[in-house]
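Colleague: Before anything else, here's the structure in question.
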Amino acid sequence: MRISVAFEGVGAGEAPLSWGQQDIWASMTRFGDQLPLGGISPVPAGTTVDDVCAELRYLMSRYQVLRTRVRFAADGTPRQVVAAAGEAVLEVVDAQDPAVEADRMLRRFRRESVDFTDDWPIRMGVVRHDGRVTHLCAVIWHLAMDRSGAAVMLREVAARVQEPVAGMQPLEQAGWQASEAGARQSRNALRHWERVLRAMPAPWPGLSRRRERPRHWKGRLVSPAIPLASRVLAERTGADPASTLLAAFAVAVRRCAGIDPVPVLLVTNNRFRAGLADVVAPVAQPGLCLVDVADAPFGAVVDSARRAATVAYKHAYYDTAGKESLVARIAAERGPQFRVDFHLNDRRGPDTPQVRGAVPRRTLEWVPFKDTPSSRLFVHADDAERATVLTCYADTHHLSLAEASTVLTTLETVLTEAARSA
């Protein structure tokens, strides 16, 4: 069953994509993936279909990004179009095994393509068992929001916040970005990018001798030692966990590949900028830095990483089309293997969790991912109970699974060795 849910909200119009939206669109185009976010959640007892319809109406009415579709200009450039009103759809499915049906619904929502010119960027459904709503399934496409924006949305929907939304919405962001102040921010950022791109060492990874099928694999290292080591280093040296992780990553890459300084793309949420702290929209963009390692003590590498990251964060807000053009121009000068594709995304909380009774050893496993384009090396760091989880996406045409594993395990080793000697 499909239920139409009417909505209307404040704010409507058309504008270029904001820089955060541009960055997501570029990734979607490059990787051929619509990058959906979302999942399944059990619902409280007594929740009705009408309750979920009210929640969907609240979301669509409150957040401009969920009322946003795409229109293509004559030259093919995508533009954002925000509607003042419309209708969304809630799917309702009855099942004898609601958990299995909810999982099936989620996989279908994620698998079926979305038409960004006609569809809303959200799909929502519920599963019932014997007439009782048991599970809610929701998928929101990355073009509408990033993880930090999704976290803000979840807090607000749980509290049913009624105050006007905070921060600059993408229409307003696009207006500022087209101003002289926005153009100046982008020019300064791209000058930084050009300096770093020209200073980068010869590209790594090159070509792998051990290619897997499918081409791209996903690894997961669960490490109880990383949060323990980060806490020790913070207490004894004052080093913040983000800088120590970046430093350990750079040392691991140098030990495994021999390159120095180490180029790293840092995913930057940009929410420290005016008007973006609590906005429900994609505002994250990569910042580019070089971390000097050489044979320096780990504390010196941490200082280098902190300075490099600070500059990268400052220059991680820019016109994505301009950045793509700059990278393509320098790649043409430096050769066909030149590519900026070495990511670290530290998604842990601001404070390293206090860890008790840590599991004595790490675990590391790899699973096939996909054959379609993806990053050469992309590492996410997340908090978990009594551990840090490193999720790694590796392109085995450029980096063998053994090499990618060595980067992850060496990162952990570097931190634990530094903590023991701190």
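Colleague: Of all residues in the range 315-343, how many are assigned to a loop (DSSP other than H, G, I, E, B) and either among the polar types (S, T, N, Q) or at pLDDT 90 or above (or both)?
Modeller: 6
Colleague: Listed residues Pro261, Pro214, Pro227; which is within 26 Å of Phe369 (Cα to Cα), more than 19 Å from the chain's Cα centre (by Cα) and either surrounded by fewer than 18 Cβ atoms within 10 Å (Cβ to Cβ) or not assigned by TED's automatic domain parsing to the domain that holds Met168 (or both)?
Modeller: When all the criteria are applied, what remains is Pro214.
Colleague: Among the residues of the range 41-87, which ones are part of a loop (DSSP other than H, G, I, E, B) and more than 29 Å from the chain's Cα centre (by Cα)?
Modeller: Residues satisfying the conditions are Pro44, Ala45, Gly46, Thr47, Thr48, Ala74.
Colleague: Could you please find all residues in the range 46-86 being among the basic types (Lys, Arg) and either surrounded by 15 or more Cβ atoms within 10 Å (Cβ to Cβ) or in contact (Cβ under 8 Å) with a residue 60 or more places away in the chain (or both)?
Modeller: Arg57, Arg62, Arg67, Arg69, Arg79
Colleague: If you don't mind, another one. If Val283 satisfies every condition in (1) in contact (Cβ under 8 Å) with a residue 40 or more places away in the chain; (2) over 16 Å from Gln185 (Cα atoms) but one, which is the exception?
Modeller: The number of the failed condition is (2).
Colleague: Where the second residue is assigned to a helix (DSSP H, G or I) and the first is farther than 25 Å from Gln177 by Cβ and lies in the range 318-347, which pairs have Cβ atoms under 6 Å and are six or more apart or on separate chains?
Modeller: Going by the 6 Å Cβ cut-off, the qualifying pairs are Phe338/Ala331; Leu344/Phe249; Asp346/Ala242; Asp346/Leu245.
The values are calculated or read from the model by the stated rules, or taken from the named source; none is laboratory data. Just so it is clear, the structure is predicted and the values come from calculations on it, not from any experiment. We place every Cβ from the backbone using ideal geometry, glycine too, and count neighbours over all the protein chains shown.
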